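No value in this document is a laboratory result; all are computed from the given coordinates. These numbers were taken from a predicted model, which means no experiment stands behind them. Don't worry about glycine lacking a Cβ; one is built from the backbone with ideal geometry, like all the others, and counts go over all protein chains shown.
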Amino acid sequence: MTRRAAPAPVDDGTLDRTLQALAEPTRRAVVVLLRDGPQRAGEIADALAMSRQAMSRHLRVLRQAGVIHEVGAASAADDARARTYQLQAQPLADLQAWLTDVQAFWGTQMQAFRKHAERVAKERGAR
């Protein structure tokens, strides 16, 4: 059996925060919108037909998880509707690396199971 190189370590806390933030469908929709580039909070709220207040809560969760960040905010006192957000690549890259590792594990497990099933079928056919 071929052994794979150990995956690069991913901080479980960071991965957990990313998964928790993306567990909510509205926040995943925000990520989809931001794939095309930075957008203002008001534009995101309008695109998803949400109140500014509700969108603010979703953006806060994504920001605290590190999935997005504010672009060009002059100060915390700036009008929240004028804040612009963009995706952060690293949390999503860490999530992809983890998923790739899990997928490889299952691929290896399925190959081993297939070999086992073929061996058992061959042994039964020889009887």
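If amide hydrogens are placed 1.01 Å from N in the peptide plane, which non-local residues have theirs closer than 5 Å to the one on Q39?
Amide H neighbours of Q39, under 5 Å, 5+ apart: Y85.
Taking amide H positions as placed 1.01 Å from N in the peptide plane, with prolines and chain starts having none, which residues 5 or more places from Q88, or on another chain, fall under 5 Å of its amide H?
Correct list: I68, H69.
Can you list residues from other chains, or at least 5 along the same chain, whose modelled amide H is less than 5 Å from the amide H of E24?
For E24, whose amide H was placed from the backbone, there are no distant partners under 5 Å.
Based on the alpha-carbon gyration tensor of segment 12-126 and its eigenvalue square roots a ≥ b ≥ c, which shape applies: rounded if a/c is under 1.5, prolate if not and a/b is larger than b/c, or oblate?
prolate
Can you work out the Karplus-derived ³J(HN,Hα) for every residue in segment 39-52? Use 6.51 cos²θ - 1.76 cosθ + 1.60 with θ = phi - 60°, whole Hz, and x for glycine or proline.
Couplings: 9, 6, 4, x, 5, 5, 4, 5, 4, 9, 6, 10, 5, 4 Hz.
As a footprinting exposure proxy, order R35, R52 by other Cβ within 10 Å, with the fewest listed first.
Ranking R35, R52 by Cβ neighbours within 10 Å, fewest first, gives R35, R52.
About its Cα centre, how strong a charge dipole does segment 12-126 have in debye, to the nearest 20, once Lys and Arg get +1 and Asp and Glu get -1 at the Cβ?
With Lys and Arg at +1 and Asp and Glu at -1, about 380 debye.
Can you compute the FRET efficiency between E24 and Q111 using 1/(1 + (r/R0)^6), with r the Cβ-Cβ distance and R0 = 25 Å? Round to the nearest 0.05.
E(calc), rounded to 0.05, equals 0.10.
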